[in-house]
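Everything below concerns the one structure shown next.
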Amino acid sequence: MVKKLLVVDDNADIRKVIVAALSHKRYKIVEAENGNAAIKKLHAERFDLLITNYKMPGADGLEIIEEALSLYQKMPVIFVSGSLSPEVRARAERLVPHDN
C-alpha cells in the first residue's frame, strides 16, 4: 500500500528538497504552501505522515499538528524549524512526545 505524506512549508524550495528526498520511495506526496492550506487538505484526505515547518502565514506548524492529531490521533509527525524558542519547543514536545 502506498503511504500518503503531507509536506507543509511556505518556502517552495524547501518543499521541493523534501519532496525530492522522498520521491525515490513509493510515497504519494501532497504539498501545502501554508498552514491554512494544510488544514484544508487534512480535512479532505487522510495522510500517513505529516511533515511541517513551524513559522508560516496563516496557521503555524503547531496549529497544523493540533488539527492533524485531533483528526487522526496516532498520525506520525515530523516538525521542522530553523530555530525554536524554549516555549515553542516545550509546546511541541507536549503535542508530540518523542523518545530521546
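The values are calculated or read from the model by the stated rules, or taken from the named source; none is laboratory data. Just so it is clear, the model here is predicted, and its values are computed rather than measured. No Cβ is skipped: glycine too gets one built from the backbone with ideal geometry, and neighbour counts run over all protein chains shown.
Residue-level check: of (1) among the hydrophobic types (A, V, I, L, M, F, W, C); (2) modelled with pLDDT of 95 or more; (3) closer than 14 Å to V80 by Cα, I18 misses just (2).
Test I65 against the criterion of being in contact with a strand residue (DSSP E or B) (Cβ under 7 Å, 6 or more places away or on another chain) and among the β-branched types (V, I, T), and give yes or no. The answer is yes for I65.
Considered as a group, the residues in the stretch 76-94 that are in contact with a strand residue (DSSP E or B) (Cβ under 8 Å, 6 or more places away or on another chain) and more than 16 Å from D9 (Cα to Cα) include one that is surrounded by the fewest Cβ atoms within 10 Å (Cβ to Cβ), and that residue is P76. Condition first: out of contact with any Gly (no Cβ under 6 Å at 6 or more places or on another chain) and among the small types (G, A, S). Now tell me which residues in the stretch 57-100 satisfy that. Answer for the stretch 57-100, where residues must be out of contact with any Gly (no Cβ under 6 Å at 6 or more places or on another chain) and among the small types (G, A, S): G61, A68, S70, S81, G82, S83, S85, A90, A92. Checking each residue in the stretch 4-53 for being under 15 Å from I64 (Cα atoms) and either touching a Cys at 6+ places or on another chain (Cβ under 8 Å) or among the acidic types (D, E) (or both) picks out D9, D10, E31, E33, E45, D48. Assuming R94 fulfils every condition listed in (1) charged (D, E, K, R); (2) without any contact (Cβ under 8 Å) to a residue 40 or more places away in the chain; (3) within 23 Å of K3 (Cα to Cα) apart from one, which condition is it? That leaves (3) as the condition not met.
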